[in-house]
Amino acid sequence: MTARLAAVTVTTLLPVALAGCGGTQQPVKREPCLAAQVTAGVNTTWVLKPDNSAWYWGYGWPGQSIPSDLPAAAWPSLPPDTTELRMRSNIVCALSSNGDLRCQAGPSLGCCSYTASGQFACSCGKPNAQTTALAGVVRVKMGVSSNGNLNDPVAQPDVATNFAITTDSTLWEVWYTEDDPGRSTFSQVTALGNDVLTASAGWLQRCAVKTDGTVWCWGRGYLGDGTDAYPSTDPEQPPVSVTLPLPAVDVVAAWSATEVVLADGSVWHWGDTGFGIATTPTATGVSDVKMLVAGAFHHCALKNDGSAWCWGRNDVGEAGVEPGGPGWQTPRQVTSLGNDVTQLAAGEMHTCARKSDATIWCWGHGGWGQLGGNKSVNPTPIQMMGCQ
């Protein structure tokens, strides 16, 4: 085996199955994976390449784990001119420049899409599934597993929540169950009116930022209004206003905590932060933030200077430091990345970064191969290879 540091070619021997043979070792040339974007789910890492191809490592579709450290080419029908991949939980969506959005909801192949004319629909994998539509969609934001919805107080298991924002700035919840992928419904969050900027869904809680910078949360769990957590067996709570020192510009919901970026670039959070319970917003200490991502119990921010900072639970190195301690309440820089990061993505217990040279680096839990086949705990970022 020969290897060199940084963005260079690596030659290694990997088991390759040959037609008519039981398999043998063949030299495989592995180049650094250069990508336009990276996104991460529970146990999967996806990249979008400049040639409009999508590749993934880890637990893929239809429910298969990648057996080697080479990624799998996926999604042969990827929409043309795809500009962005989005993933939360086990659902990945591709957004093209003409406004089309298509989704895969593993292990089933989902079907959530909207066209340039603004028609949005989900059938999500069932051949004869009924498709409903929502017109005028301009933005979709992925969510994590939740229970129940605002208009249905009965808790439902394994429900994935995505948000659609229409041209009139109204917010719609997009629902379907993993047990019944054909069930899809749209529920407008009427209490928020028609001035919603963005939204995010956690396990029990959902939150939205309105165009005036106010933050509203609803559902269960910790909503940031000073009350204790609403149990998962309680009915959905209506939207409540969250008091913050400045207007908010973004919100990201993790498993049981919620974080917002304020107009001055500072990050505030509430809920079960991993270091106690905060029923109202508290400052994290990180500032000058232009991008915020969250895994199950860890959080990372990209600053305007190109540096990446993480905090929260660090059971398997997902915060970028050696695991085994109590985690990191104070944000710490992932120093090995330098000040050259252009994008971050967070899976359940792993994190990825794209640098300005288009290389992709990931760290944390690698048990399903989501770190490029290295199925171990890696607190130091590993360069992703082989997406040719």
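We did not get these values from a lab; they are worked out from the coordinates using the rules stated. Since we're looking at a predicted model, the values are computed, not measured. In this analysis, Cβ positions are derived from the backbone assuming ideal geometry, glycine residues included, and neighbour counts consider all displayed protein chains.
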Assertion target for Glu31, Glu259, ordered by fewest C-beta neighbours within 10 angstrom first, is Glu31, Glu259
Simple SL model, points at 7 angstrom along Cα→Cβ for Asp357 and Lys375; separation in nm is 3.1 nm
For Met385, other-chain or 5+-apart residues with amide H closer than 5 Å (H placed, Pro excluded) are Cys33
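If you keep only loop residues by DSSP, which chymotrypsin sites (Phe, Trp or Tyr not before Pro) in the stretch 245-324 have at most 16 other Cβ atoms within 10 Å of their Cβ?
Phe275
If packing is taken as the average number of other Cβ atoms within 10 Å across a peptide's residues, how do 217-223, 290-296 rank, most packed first?
Ranking the peptides 217-223, 290-296 by packing returns 217-223, 290-296.
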Quick calc: nm separation of the 7 Å Cα→Cβ label points for Gln388 and Thr279 -> 5.9 nm
Taking placed amide H atoms and a strict 5 Å upper bound, the residues 5 or more places from Thr198 or on another chain that come that close are Val209
Full extension between Asp51 and Asp168 adds, at 0.36 nm per residue less the Cα distance, a length in nm of 38.7 nm
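How much length is gained if the chain between Asn304 and Thr190 is pulled fully straight, taking 0.36 nm per residue apart and subtracting their Cα-Cα distance, in nm to one decimal?
On the way: separation 114, 0.36 × 114 = 41.04 nm, distance 3.51 nm.
Roughly 37.5 nm would be gained on extension.
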